[in-house]
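See structure below.
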Amino acid sequence: MKPIGILFLLTSLIAVLTSCGQDTDIDSEKPTIDLTYPETFPLNGDTLYFGSTATIKLRLQDNNQLGSTRSLSIDMHHNFDHHSHSTEVDESNLDPAKSPVNPYVFIQSYDLPPNLNSYDTEIQINLPKQNEAGLYDSGDYHFFISLTDAQGWSTQKGLSIKIVHR
Amino acid sequence: MLKTIHACILLLSMGAASSSATEAAVDTSLLLKEVQIVQSYSEQQKQTNSLSTEHINRDYLFQNQQGNLMKTLGQLPGVSNIDIGSGMSKPVIRGLSFNRVLVVENNIKHEAQQWGVDHGLEMDAYTVDKAVVIKGPASLPYGSDAIGGVVQLTSGLMPQANTLGGSIEFHGKTNNDLLGTSLWLYGRSERIWASLRLSRIDRGDDKVPADSVDIYSYRAALYKNHLRNTAGKERNAHLTLGWLQDHYQGRLTLSRTHSKAGFFANAHGLEPRNVDSRLHDRSSRDILDPFQEVTHLKLLQTNQWSGARFALETNLGYQRNLRNEWSPYVSHGYMPATFPDSLDFDPDLERAFDKSIYTAQLKTSYKMDDNRQIVAGINGEKQFNHINGRGFMIPEFQQNSLGIYALAHRRWNTDLHAEVGLRYDLGHLQTQAYQDWFPSPTTDDTNPSEWVYLQRAASIDRYFGAWSGSVGLSYVPQPWSVKVHLGKSFRMPIAKELAANGVNYHRFSYEVGDPNLSPETSYQWDATIAYANNRFRIDWNPFFQYFPNYIYLNPTSEHDRLYGNGNQVYYYTQAKVRRYGSEIQLRFQATNHFEMGLTGEILRSKQLSGSKKGYTLPFSPPDALHLSTKWHRSKLGPIQQAYAAIDVEIVATQNRLVPPEITTPGHQIVHLSMGGIVPLSSQNIHIALQVRNLFNTKYFNHTSYYRLINLPEPGRNLALSLRIPFQRLLNQKK
């Protein structure tokens, strides 16, 4: 038996197996949140007010199809401790760090209309002035957006905003 | 395509040698004669066993020592790891891991928190004398979790009669300033023996060839290339007592491993948080929050009786695995901003798992004649699992399982063997309901009216039963050998798959179980075709596997609202899955002192149904080629068994992905190793030196859990192992 012959055969076999069998019809791209869309609100450094309604305008896009059930998530939480995450967070204009007393927390997910590959949101968020514990703390907050497409690919944006009492 | 072939041929002609485990046949046993017997036994096993296996010995483990045992085994073809930092690796066999790969130490299944990605193997690597990796389902002798394969570890081999001795071992690594020390003492009279091993490992933060990492597009700067807070330590003790008579051997093993390891501070929690860099960068050796602490206690008792035709083996085991995960309290979701003092757990205890396992096994074998043998056995296991801490992931549960099997082996002549086996398993799983310790609003409204303590998991009470079976045929006319194996195996869904409902703090995701999952079934075909002569050996192991209902954690487009930061929700689902692939090993003894080798592996998985139809499975190992050239002399001046080797790892780009994975570019890295046995006065000193990643190449590992946050693998690393054995013969009274 000639070893070199076997070697050649098996090497070719590996090469053949390796070079075929890739699927091209599956989606492999993440959705996008386009912050250059001129209407976008909020952007880094924008201010929201307790006791008023903010309209969230975002342009959401996907190469294939955006998700629908609870596919957009918005989360606002305090940044009094100056923690930091994700892109777009601009830490240049922060108030001094402080301890939270009664910080405002907002976590909500939104359905998007099904079968779309581009959607402009117009979400009304009503920010209350207070809860049972009293007035909410004003100051630096993070506005965190997470978006998924129908296949489960996800993208995140974190924005640094202020929420204050008028 | 032609190019690929040419490239391969070119590489082949350049030469290379897998330091394939099986061949590391340098004599282990200056000390222990028995080891040699075991060696030849494993060679014979490899030939007659119809499943494809890899066998390695203490010398291979010594010469190729990595950060942990599973990383050392990960160099074998078809075997890899899922890593989370340098201290924690899980075995992956042909792309399957977690509860699909079973680890067995001295015949008893190692039971810990296998389901968790950050849960390494609680095993003292120094105690392992022999490792066998079974590639493919070995449900027959082991039951449920062996659907992907088995890692069999043997520790505490019996010393030679009338000896006293031991060894001291050191292992040092420059990358994370690791220092490991292990002391081994043993003694044996004619019939009674004992062996004690004490080991400790201390390591600093891992270093990577990068100044910063991108954690979900947030860039975290690294101080002096250190991964903040990845330091760790281990303290292990292992005691074996053995006694033997003419047809009987008994042994009792007591071991305790304890480890404390930090998690990469920039990538742990609900979101990639900025950490207190000043605190972490003060020292590269301190272990701060977040960290985990794991203690594993094991008591095993084995009896073996063997007669001319009949053999009986009993194994009893008790294990306790206690894992505490610590991180500073951060309120998330609707947890209160300040932790109430009315609760019975520490606010900084993120999660805790406490598991007790009782195992009992009976195995008999009967040789009807030289050509026919029957093996039958029964094994039972009882588990109690308790949880604690502020974060919920899996509920408390109790699990009982019982399996009964029989295997018949028939030999027609020296060349032709057949094996057929059947097994039935019965399992019972009972999970407890879990309710949050804090209230959340029930309405989706921004002005919630009603607050309740949410129930995260309902109680589950389920019975599972399933048949497994296998048929194997080996035809070994020298120099050829052909083995074919067909099998059906099953796996019981685990508590996490049925009842998980919580945040995965390493992946920033939310995982939800499905209480109605059915037991996972797999059908596999597996073959080995080998040719060997004096100078040349080739092994080819193709396989094909089909799962009608593979249990899979599926990322959906949903976000969680109530618990965390609006993390993406992953649901456990079942899908049809097809997998196939192969490993190849070549070895060429060019001259008496020079050998070359090549190993290669490919694996393809595809989901055939469900919402991820067309996608692969998560953590698919990329195609890889491993070339090596080894030079060795049995004597070089005063040095015995001297060797030097160059290894080249060539890994292809992995672009077969499933959300949320990202493409991992291919890489080539080069390792050097050398060593031998240096006599120093009356002592022999075993030395092994390795230079890993010689050119300090920055590369990524697709199956690292930190791949998603763009964390490169360690840079250049110098590792030195020393072993100084000593032995004294006792006066023989006869």
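Leaving out ligands, DNA and RNA, what percent of the accessible area of chain B is carbon and sulfur, probe 1.4 Å?
57 percent
So if each residue of separation counts as 0.36 nm, and I subtract the Cα-Cα distance between B:Gln249 and B:Asp276, what length gain in nm does that give?
4.1 nm
GluC sites (Glu not before Pro) within the stretch B:301-358: which are DSSP loop residues with at most 16 other Cβ atoms inside 10 Å?
Filter output for the stretch B:301-358: empty list.
Remind me, relative contact order of the stretch B:349-388 in percent, using alpha carbon pairs under 8 angstrom and six or more residues apart?
54 percent
Quick check: from the Cα gyration tensor, does the stretch B:517-659 come out rounded (a/c under 1.5), prolate or oblate?
prolate
Which whole-Hz couplings ³J(HN,Hα) result when phi for each residue of the stretch B:463-469 is put into the Karplus expression 6.51 cos²θ - 1.76 cosθ + 1.60, θ = phi - 60°, listed in order with x for Gly and Pro?
Those phi angles translate into 10, 10, x, 7, 8, 10, x Hz.
Give me Rg/Rg_expected for the stretch B:166-226, where Rg uses Cα atoms only and Rg_expected = 2.2 N^0.38 Å with N residues.
Taking the Cα Rg and dividing by 2.2 N^0.38 Å, one obtains 1.93.
Averaged over A:154-163, how many beta carbons belonging to a partner chain fall within 10 Å of each residue's beta carbon?
Per-residue shielding by partner chains comes out at 3.
Return the long-range amide H neighbours of A:Asn117 (sequence gap of 5 or more, or a different chain), with a cut-off of under 5 Å between placed amide H atoms.
Close amide H contacts, sequence-distant or interchain: A:Leu66.
Within the stretch B:61-82, whose backbone N sits under 17 Å from a point 7 Å along Cα→Cβ of B:Val678?
Backbone N within reach: B:63.
Which FRET efficiency value, to the nearest 0.05, is calculated for A:Asn117 and B:Arg578 with the Förster distance at 25 angstrom and r the Cβ-Cβ distance?
0.25
Could you tell me the calculated FRET efficiency between A:Thr69 and B:Ala337, based on Cβ-Cβ distance and R0 = 30 angstrom, to the nearest 0.05?
Working from the Cβ atoms, E equals 0.50.
With only Lys, Arg, Asp and Glu charged, each at its Cβ (+1 for the first two, -1 for the last two), find how big the charge dipole of the protein assembly as shown is about the Cα centre; round to the nearest 20 debye.
3960 debye
Do the sum for chain B: with -39,500 (n - 2.57) for every DSSP H run of n ≥ 4, divided by all residues, what is the mean residue ellipticity at 222 nm, to the nearest 500 deg cm²/dmol?
-2000 deg cm²/dmol
For the pair B:Leu299/A:Asp34, report the inter-label distance in nm, with labels modelled 7 Å from Cα in the Cβ direction.
6.8 nm
So what is the accessible area of chain B per residue, in Å², with the probe set to 1.4 Å?
Dividing the accessible area of chain B by its residue count gives 38 Å².
Quick one: grab the alpha carbon gyration tensor of chain B, order the square roots of its eigenvalues as a ≥ b ≥ c, and give me rounded if a/c is under 1.5, else prolate or oblate depending on whether a/b is larger than b/c.
Rounded, because the longest to shortest axis ratio a/c is under 1.5.
Give, in nm to one decimal, the length gained when the segment between B:Lys367 and B:Leu562 is fully stretched (0.36 nm per residue of separation minus the Cα-Cα distance).
Between B:Lys367 and B:Leu562, full extension yields an extra 64.0 nm.
Express in Å², to the nearest 10, the accessible area of B:Trp631 obtained by rolling a 1.4 Å probe over the protein heavy atoms while all chains stay in place.
80 Å²
Tell me the GluC sites (Glu not before Pro) within the stretch A:88-166 that lie in a loop according to DSSP and have at most 16 other beta-carbon atoms within 10 Å.
Within the stretch A:88-166, the qualifying GluC sites (Glu not before Pro) (loop, at most 16 other Cβ atoms within 10 Å) are A:Glu91, A:Glu122, A:Glu132.
If you take the beta carbon distance between B:Trp451 and B:Phe345 as r and set R0 to 22 Å, what does 1/(1 + (r/R0)^6) give as a FRET efficiency, to the nearest 0.05?
About 0.55, to the nearest 0.05.
Find, to one decimal place in angstroms, the Kirkwood hydrodynamic radius of the protein assembly as shown, where the mean of 1/r is taken over every pair of different Cα atoms and then inverted.
Evaluated on the protein assembly as shown, it is 29.3 Å.
In Å, what Rg and Dmax follow from the Cα atoms of the stretch B:55-116?
Every Cα atom of the stretch B:55-116 included, Rg and Dmax give 11.6, 31 Å.
Say the cut-off is 32 Å between C-alpha atoms; which of B:Lys173/B:Lys612; B:Lys233/B:Lys496; B:Lys224/B:Lys606 go over it?
Distance filter (> 32 Å) returns B:Lys173/B:Lys612; B:Lys224/B:Lys606.
Please give every one of the aspartates and glutamates within straight-line cross-link reach of B:Lys363, meaning a C-alpha to C-alpha distance under 14 Å, and leave out same-chain neighbours fewer than 8 residues apart.
Excluding near neighbours in sequence, the set is B:Glu313.
For chain B, find the longest principal axis of its Cα atoms and tell me its angle to the long axis of helix B:33-48, 0 to 90°, nearest 10.
Helix B:33-48 and the main axis of chain B meet at about 80 degrees.
Given charges of +1 on the Cβ of Lys and Arg and -1 on the Cβ of Asp and Glu, with all other atoms neutral, how large is the dipole of chain B about its Cα centre, in debye to the nearest 20?
Dipole of chain B, to the nearest 20 debye: 2200 debye.
Which whole-number percent is the relative contact order of the stretch A:29-165 (Cα, under 8 Å, 6+ apart)?
After rounding, I find 41 percent.
On a straight-distance basis, which aspartates and glutamates could pair with B:Lys613 in a cross-link, Cα separation under 17 angstrom, same-chain partners fewer than 8 positions away excluded?
Correct list for B:Lys613: A:Asp23, A:Asp25, A:Asp27, A:Glu29, A:Asp149, B:Glu661.
Starting from the 7 Å offset along Cα-to-Cβ, what nm value, one decimal, do you get for the label separation of A:Val164 and B:Ala590?
Using points 7 Å along Cα→Cβ, the separation is 7.5 nm.
Between beta-carbons, use under 14 Å as the cut-off and find the net charge around B:Thr591, counting Lys and Arg +1, Asp and Glu -1.
My count for the surroundings of B:Thr591 gives +3.
Among rounded, prolate and oblate, which fits the stretch B:261-388 when a ≥ b ≥ c are the square roots of the eigenvalues of its C-alpha gyration tensor, a/c under 1.5 means rounded, and a/b larger than b/c means prolate?
Here the stretch B:261-388 falls in the prolate category.
Counting only residues 5 or more places away or on other chains, whose amide H sits under 5 Å from the amide H of B:Gly502 once H atoms are built in the peptide plane?
Residues meeting the amide H criterion: B:Glu511.
Sorted by mean Cβ packing within 10 Å, highest first, what order do the peptides B:380-392, B:634-646, B:337-349, B:144-156 take?
B:144-156, B:380-392, B:634-646, B:337-349
Can you give the accessible area buried between chains B and A, summed over both chains, with a 1.4 Å probe, in Å² to the nearest 100?
4400 Å²
Whose amide H sits under 5 Å from the amide H of B:Leu636, counting only residues 5 or more places off or on another chain, with H placed in the peptide plane?
Distant-sequence amide H within range of B:Leu636: B:Gln641, B:Ala642.
To the nearest 10 degrees, how steeply does helix B:2-14 sit against the main Cα axis of chain B, on a 0 to 90 scale?
50 degrees
With no solvent and one point per C-alpha, what does the Debye sum give as log10 I(q)/I(0) for the stretch A:29-165 at q = 0.20, 0.21 Å⁻¹?
Relative scattering, expressed as log10 I(q)/I(0), comes to -1.16, -1.25.
Past the 22 Å Cα-Cα mark, which pairs from B:Lys90/B:Lys130; A:Lys129/A:Lys162; A:Lys30/A:Lys162; B:Lys355/B:Lys382?
Table pairs above 22 Å Cα-Cα are A:Lys30/A:Lys162.
Would you kindly derive the ³J(HN,Hα) couplings of the stretch B:67-80 from the backbone phi angles with the Karplus curve 6.51 cos²θ - 1.76 cosθ + 1.60 (θ = phi - 60°), listing them in order in whole Hz, with x for Gly and Pro?
Running phi through 6.51 cos²θ - 1.76 cosθ + 1.60 with θ = phi - 60° gives x, 8, 4, 5, 5, 5, 5, x, 7, 6, x, x, 10, 8 Hz.
Aspartates and glutamates near B:Lys298 by alpha-carbon distance under 17 Å, same-chain residues fewer than 8 away left out - which ones?
Correct list for B:Lys298: B:Glu105, B:Glu111, B:Glu122, B:Asp124, B:Glu234, B:Asp354, B:Glu381.
The values are calculated or read from the model by the stated rules, or taken from the named source; none is laboratory data. Just so you know, these numbers come straight off a predicted model, no measurement behind them. No Cβ is skipped: glycine too gets one built from the backbone with ideal geometry, and neighbour counts run over all protein chains shown. To get the accessible areas, we keep the full protein, side chains included, count just its heavy atoms, and leave off ligands, DNA and RNA. Shrake-Rupley method; radii C 1.70, N 1.55, O 1.52, S 1.80 Å.
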